[in-house]
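Below you'll find the structure, written out as structure tokens, and then a few comments.
The values are calculated or read from the model by the stated rules, or taken from the named source; none is laboratory data. Note that this is a predicted model, so its numbers are computed, not measured. When we count neighbours, we look across all protein chains shown, and the Cβ atoms used for this are built from the backbone with ideal geometry, even at glycine. With ligands, DNA and RNA removed, areas are computed over all heavy atoms of the protein, side chains included. Shrake-Rupley method; radii C 1.70, N 1.55, O 1.52, S 1.80 Å.
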Amino acid sequence: MRALVVYESMYGNTHAVAVSIAAGLSTRHDVTLVPVTRATPELVAAADLLVVGGPTHLHRMSTAASRRWAADAARKQGRGLTMDPDADGPGVRGWLEGAGSLGSLGGQNTLAVAFDTRLSGVPLFTG
Ligand SMILES: Cc1cc2nc3c(=O)[nH]c(=O)nc-3n(C[C@H](O)[C@H](O)[C@H](O)COP(=O)(O)O)c2cc1C
């Protein structure tokens, strides 16, 4: 099976989880791992399994505004936050919204799974 793992990551946490998922899948399948900014319609069309993940922002998927806040926070000194190399650009939300241009996110028989990352805590507070 050909698996495509797509991730959005501001600070590298979701990226790290995506790397682990890709490593696990690669023991049995052909795996391509890409940031959402490089998840082209061609890669999607070639995949039998699509795995898509991103960070939780304000109890839901990130938005352009929450991604801007995350980037601003990383620029402030003393926060100890480092931006993921591929953090710039639209997130998974924008990618899904443009799904028409992605060839409807694969064929009729494409399997798909989603994951997210968030803070550790009570779901009431973390989302
Ligand atoms: C703007 C912003 C909003 C966030 N909102 C939430 C939230 O509502 N719930 C939560 O559990 N974590 C929240 N987080 C934490 C992130 O979901 C968490 O640290 C995630 O693992 C970061 O992944 P990344 O390093 O791949 O961007 C937020 C982080 C940012 C920057």
>> Among PHE125, GLY53, MET10, whose Cα projects farthest towards the positive end of the dipole of the chain, with charges put on the beta-carbon of Lys, Arg (+1) and Asp, Glu (-1)?
In response: PHE125
> So if R0 is 25 Å, what FRET efficiency would LYS76 and LEU119 give, r being the distance between their Cβ atoms, rounded to the nearest 0.05?
Replying inline: 0.85
>> If I take every Cα pair under 8 Å that is 6 or more residues apart in the chain, average their sequence separation and divide by the length, what percent do I get for the relative contact order?
In response: 35
> Based on the alpha carbon coordinates of the chain, what radius of gyration and maximum Cα-Cα distance (Dmax) apply, in Å?
Replying inline: 14.9, 48
> Working out 0.36 nm times the residue gap between ASN13 and GLU42, then minus their Cα-Cα distance, what length gain in nm do you get to one decimal?
Replying inline: 7.8 nm
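For the chain, give the percent of accessible area contributed by carbon and sulfur heavy atoms, probe 1.4 Å, rounded to a whole number. Let's see the in-between values first.
Numbers: 4210 of 7580 Å².
Carbon and sulfur atoms account for 56 percent of the accessible area of the chain.
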> How many nm separate the modelled label positions at ARG60 and LEU111, each set 7 Å beyond the Cα in the direction of the Cβ?
Replying inline: 3.0
>> Need one number: nm distance between label points at ALA23 and GLU97, each 7 Å from Cα along Cα→Cβ, rounded to one decimal.
In response: 3.5
>> Can you give me the distance in nm between label points at THR32 and MET1, each placed 7 Å from the Cα along the Cα-to-Cβ direction?
In response: 1.7
> What whole-number value in Å² describes the accessible area per residue of the chain for a 1.4 Å probe?
Replying inline: 60
